[in-house]
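Comments concern the structure below.
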Amino acid sequence: MTLNKGEKTMRKFKGLLALLFAFTLLAAACGESNDATEEETDTEETDNSEAEQEEETDDEESSATEDGEGDEVDLTAGGDLTFHMVTHADDGPFWSVVKRGAEDAAASVGVELVWSPSNNDPEKQVQDIEAAISAGSGGIAASLASPDAVAPALAKAAEAGIPVYTLNSGVNQYEEIGAVTHIGQTETVAGEGAGQRFNDLGATKVLCAFQEQSNVGLEERCAGLEATFEGEVVSEFVGLDADQTAQQAAIGAILAEDDSIDAILGTGPVVAVSALSASQDAGKEITIGGFDITPDIISAIDAGDIAFTVDQQQYLQGYLPVILMFLQATNQNTAGGGLPILTGPGFVTPDNAAAVAELVSAGTR
């Protein structure tokens, strides 16, 4: 009896079953040898020859098991798969955790990952998606911060039969482009949660300070804030995270012009810290909230200088798409059931900041 192709594949992924297969084969070989004694001589010789070959195979498999070769899952199982993660990422602290999650997932299942950040350049992101299509990618995970520019390229990938997943931004567009699912948070709901927290903190006028223009996700955060906050909301672009000095100055100018602002929601972690510095320079008591996690914002929350940050668990946004693409490629699994897979919102406050800080130091939060 010889192992068929499916059994061999199973042994590759389920090494712990190798010993069971070996015993099964050995028992079958012995049974064939006993039956052969009742048959004609020429049949006996053929059966004995086959039994000897099977016993040799059993010996080799048993030896492999004893050497430990069959006792572990083969982490090179996905070695012929290449996935692409094409995002609007910069080199900042938020996206470094997304990248860490993606790389950890790729290493765990033995696939190659091509990480392609565009630093908020939709044109480059489109070029990187088109390059992934030309390379015959096994799966593309992409953010849709600029859906008008980027969505057509992702739809082209889906039409070409490449599994597409959106992450971080794209919860409102993933279905129409043919993506399997979206991994992230619903930005409007996250903004609504921030608005409720500002209500509880007694704020009356909130500046929603955003750091990227044409990023629909940030616009949705401000819209969600306005939907639930009982006071007044003003939304302003205050500059990119890459220039915190200019960002801080822009926020300071807004505070100087409008003395009624008593709270600021930064739609990212860096801009929230810039808001803290600007308010301190202005000598004003400002209630500050933010989005996402960096060491600086967690330290400020732990110290009581920032009230909260909305946590969308960006490590999962990098990790889960790679795992899901691998399972779809190797086991025809899909997740989400047509709905997004939500990684947030959660909240980090002074009550849990110290515990989260340890994970931030480890690079996974």
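The values are calculated or read from the model by the stated rules, or taken from the named source; none is laboratory data. What you see is a predicted model; the values in this text were computed from it and never measured. All Cβ positions, even for glycine, are placed from backbone atoms using ideal geometry, and neighbour counts span all protein chains on display.
One line per residue, one yes/no per condition, for (1) free of Cβ contacts under 8 Å to residues at least 24 places away in the same chain; (2) out of contact with any Gly (no Cβ under 7 Å at 6 or more places or on another chain):
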residue: PHE291; (1), (2): no, no
residue: ASP296; (1), (2): no, yes
residue: ASP305; (1), (2): no, yes
residue: GLN313; (1), (2): no, no
residue: ALA329; (1), (2): no, no
residue: ASN333; (1), (2): yes, yes
residue: GLU358; (1), (2): yes, yes
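What number of residues within the stretch 149-191 satisfy the criterion of being in a helix (DSSP H, G or I) and among the hydrophobic types (A, V, I, L, M, F, W, C)? Residues flagged as in a helix (DSSP H, G or I) and among the hydrophobic types (A, V, I, L, M, F, W, C) within the stretch 149-191 amount to 10. Within this structure, GLU192 passes the test of being surrounded by fewer than 23 Cβ atoms within 10 Å (Cβ to Cβ), out of contact with any Phe, Trp or Tyr (no Cβ under 7 Å at 6 or more places or on another chain) and charged (D, E, K, R). Looking across the stretch 227-266 at every residue that is surrounded by 18 or more Cβ atoms within 10 Å (Cβ to Cβ) and of a type in the set (D, E, K, R), the one that is farthest from the chain's Cα centre (by Cα) is identified as ASP262.
Looking across the stretch 355-365 at every residue that is assigned to a loop (DSSP other than H, G, I, E, B) and surrounded by fewer than 19 Cβ atoms within 10 Å (Cβ to Cβ), the one that is modelled with the lowest pLDDT is identified as GLY363.
Among the residues of the stretch 179-219, those that are under 20 Å from ALA307 (Cβ atoms), in contact with a helix residue (DSSP H, G or I) (Cβ under 8 Å, 6 or more places away or on another chain) and charged (D, E, K, R) comprise GLU187, GLU192. Residues in the stretch 266-273 include none that are among the aliphatic types (A, V, I, L, M), under 20 Å from GLN211 (Cβ atoms) and outside the structural domain of LEU240 (by TED's automatic domain parsing). Contact map, the stretch 106-125: first residue part of a helix (DSSP H, G or I), second residue surrounded by fewer than 18 Cβ atoms within 10 Å (Cβ to Cβ) and modelled with pLDDT of 95 or more, Cβ cut-off under 8 Å, separation 6 or more or different chains; pairs are ALA106/GLU112; PRO122/ALA149; GLU123/ALA149; GLN125/ALA149. Looking only at the stretch 221-249, residues that are within 28 Å of VAL189 (Cβ to Cβ), free of Cβ contacts under 8 Å to residues at least 60 places away in the same chain and assigned to a helix (DSSP H, G or I) come to 8 in all.
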